[in-house]
Amino acid sequence: MVAGATAASVTNQDQQSQILIVTEGSDKIEMVVDAGATVSFCPAGCFVTMPSGDRETLGGTETITIINGAAVIK
């Protein structure tokens, strides 16, 4: 994913990689976030399926933290 000046970010605080399903327009990808990694994505808004299966709509400015497989969005 391409990070822009404004983009959502996700930090995985778990000990194992987590997978998010990111849908931007008609493009749908599985984004792997390694343990301890932070990734910027979704610069123009997107839909995200979290590791728990929850779906969220992001505008591109959110900060997500994954803790024990659960996503906390700020």
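Just so you know, all these numbers are worked out from the coordinates, no wet-lab data involved. The structure displayed is predicted, hence computed values, not measured ones. With ideal geometry, Cβ positions are generated from the backbone for all residues, glycine too; neighbour counts draw on all protein chains shown.
Looking only at the range 56-68, how many residues end up being within 15 Å of residue 18 (Cβ to Cβ) and not acidic (Asp, Glu)?
Here the count works out to 5.
From the list 57, 6, 38, which one is exposed (fewer than 15 other Cβ atoms within 10 Å of the Cβ), over 12 Å from the mean Cα position of the chain (by Cα) and of a type in the set (Ser, Thr, Tyr)?
When all the criteria are applied, what remains is 6.
For residues that are in contact (Cβ under 8 Å) with a residue 40 or more places away in the chain and more than 10 Å from residue 9 (Cβ to Cβ), tally how many sit in the range 27-47.
2
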